[in-house]
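Student: Before I ask anything, let me first share the structure, which is written out below as structure tokens.
The values are calculated or read from the model by the stated rules, or taken from the named source; none is laboratory data. Quick caveat, the model's predicted, so the values are computed rather than measured. Cβ atoms come from the backbone with ideal geometry, glycine included; neighbour counts cover every protein chain shown. Ligands, DNA and RNA are excluded from the accessible area calculation, which covers all protein heavy atoms including side chains. Shrake-Rupley method; radii C 1.70, N 1.55, O 1.52, S 1.80 Å.
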Amino acid sequence: MKGVKLFRVLGIQISLNYTWFIVFGLIAWSLASGYFPSYYPDLSRSAYWVMGFLGAFFLFLSVLVHELTHSYIAKREGIEVKEIILFIFGGISQLTKEPEDSKKELKVAIGGPLSSLVLALIFWILFKTTLRSPHLILFTGLLGYLAFINLSLAIFNLIPGFPLDGGRVLRALYWRKTGSLKKATRIASETGKWIGVGIIILGLFWILTGNLIGGFWFVIIGIFLRSAAEGGLQQVVMKGALEGVKVRELMSHGIISVEPSLHIDRLVEDFYLTHKHITYPVVKDEKIIGIVTLKQVKEVPRDQWVEKTVREVMMPIREEIMLDPDGEAVDALQKMIRTGEGRLPVVKDGKVVGMVTRKDILSLLEIKTDLTE
Ligand SMILES: [Zn+2]
């Protein structure tokens, strides 16, 4: 899942998922026009909007604290955390590896909801103390909401569907019982999917009986939970199968490269139609200077094929479109998915040492997952 990079805390990259921007607006709006006016009538429209935006912003901070707690515990247990991607109902802490045993998993999973509970308690106490001062009503409203929303975060994340925290707790318990991480993940994901379906049905029922906003939120949460459960399982299966496999072991050594001065008509005739690869490294004086793909060739009108050269259409080489022979196969696959390139050169000291295609990685994945079924 993609995100917009924000800043770093504790050496961890914090990113926002794109959906956040839409949902941030929706939350500010539903707070300013629904929630706050119904609990605190007789305030000005602008006061409601200030409360709405502050509410949405502090919700973001609350989610961040929740995720950072997971990451902090994971780090203390020896698991590096690369990135935290924040969604509205929580986030995904991208651990570099799965916890090695069910005990660690349990600790990392439970930390987040506990921190949300603590925040809920703090906001609740502050809410109670400002209740006595009527001129602080703006803060009272905000604090009350934050206590409520942190409690909701704790409860929502404890829903027993992987990859939510509750699902991770469930997985840790099954893991301890069955001794198989994969089996435990499958059970926890299935549970998550069915709970997601249940929540969607409940939301639709509410919408039909007149509770539009509440029902709408439930449907969104249900859809989110279902797709998260599915994605979580796929990721675990993929990571498990490709764990420890290096790019070097996957790459093919038969390298067919092209010269930058080659004309497109020759490129098509002598390379594309002859060798049938989709991507070729462009090499000058034994060093790679770019790659040329079918996509770029297709962009050149046919009548210009005789004049244009590879140099004019190629993608100059950069980190994103080359692989390291000692890199992990999982990262190589992710790079291919990110850039949309199906075949990338493996480069060492500026020289092409091999080529890897997405198909190479996927076939290995298929074989390995079939064997360990
Ligand atoms: Zn969590």
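Student: Treat every Asp and Glu Cβ in the chain as -1 and every Lys and Arg Cβ as +1, leave all other atoms uncharged, and give the resulting dipole magnitude about the Cα centre to the nearest 20 debye.
Tutor: Rounded to the nearest 20 debye, it is 920 debye.
Student: Pick out, from Ile27, Ala154, Leu323, the residue whose Cα sits farthest towards the positive end of the charge dipole of the chain, with +1 on the Cβ of Lys and Arg and -1 on the Cβ of Asp and Glu.
Tutor: Ala154
Student: Also, I was wondering about something else. Given a 1.4 Å probe, how much area per residue of the chain is accessible, in Å²?
Tutor: For the chain, the per-residue accessible area is 52 Å².
Student: Distance cut-off 29 Å, Cα to Cα: go down the list Lys75/Lys239; Lys107/Lys359; Lys82/Lys368; Lys82/Lys276; Lys82/Lys295; Lys284/Lys368 and report the pairs above it.
Tutor: Lys107/Lys359; Lys82/Lys276; Lys82/Lys295; Lys284/Lys368
Student: Let me ask another. Among the chymotrypsin sites (Phe, Trp or Tyr not before Pro) within the range 102-146, which fall in a DSSP loop and have no more than 11 other Cβ atoms within 10 Å of their own Cβ?
Tutor: none
Student: Roughly how tilted is helix 45-76, in degrees to the nearest 10 and between 0 and 90, from the longest Cα axis of the chain?
Tutor: Once rounded, one gets 60 degrees.
Student: Need one number: nm distance between label points at Thr178 and Ile223, each 7 Å from Cα along Cα→Cβ, rounded to one decimal.
Tutor: 3.0 nm
Student: Can you give the longest run of the chain that contains no trypsin sites (Lys or Arg not before Pro) sitting in a DSSP loop with at most 14 other Cβ atoms inside 10 Å?
Tutor: 133-275
Student: Quick check: the angle from helix 212-242's long axis to the longest principal axis of the chain, C-alpha only, nearest 10 degrees?
Tutor: So the helix axis and the longest Cα principal axis differ by about 40 degrees.
Student: Using θ = phi - 60° and the Karplus curve 6.51 cos²θ - 1.76 cosθ + 1.60, what whole-Hz ³J(HN,Hα) does each residue of the range 341-346 get, with Gly and Pro shown as x?
Tutor: Ordered by residue, 3J(HN,Hα) equals 8, x, 8, 10, x, 9 Hz.
Student: Taking θ as phi - 60°, what are the ³J(HN,Hα) couplings along the range 303-311 by the Karplus curve (6.51, -1.76, 1.60), each to the nearest whole Hz, with x for Gly and Pro?
Tutor: 6, 9, 4, 6, 8, 6, 10, 4, 4
Student: So, in nm, how far is label Arg311 from label Thr274 when the simple model puts each one 7 Å beyond its Cα toward the Cβ?
Tutor: Placing both labels 7 Å beyond Cα along the Cβ direction yields 2.1 nm.
Student: Can you list residues from other chains, or at least 5 along the same chain, whose modelled amide H is less than 5 Å from the amide H of Lys308?
Tutor: Counting only residues 5 or more places away or on other chains, the set is Ile264.
Student: Rounded if a/c is under 1.5, else prolate if a/b beats b/c, else oblate: with a ≥ b ≥ c from the C-alpha gyration tensor eigenvalues square-rooted, which is the range 134-230?
Tutor: oblate
Student: What is the chain by shape, rounded, prolate or oblate, if you read a ≥ b ≥ c off the alpha carbon gyration tensor as root eigenvalues and call it rounded for a/c under 1.5, prolate for a/b larger than b/c, and oblate otherwise?
Tutor: Cα axes put the chain in the prolate bin.
Student: Of the heavy-atom accessible surface of the chain (probe 1.4 angstrom), what whole percent is carbon and sulfur?
Tutor: Carbon and sulfur together cover 64 percent of it.
Student: Calculated from DSSP H runs of 4 or more alone, at -39500 (n - 2.57) each and per residue, what is the 222 nm mean residue ellipticity of the chain, nearest 500?
Tutor: -18500 deg cm²/dmol
Student: Label-point separation (nm) for Phe7 and Lys287, each offset 7 Å from Cα along Cα-to-Cβ?
Tutor: Using points 7 Å along Cα→Cβ, the separation is 3.9 nm.
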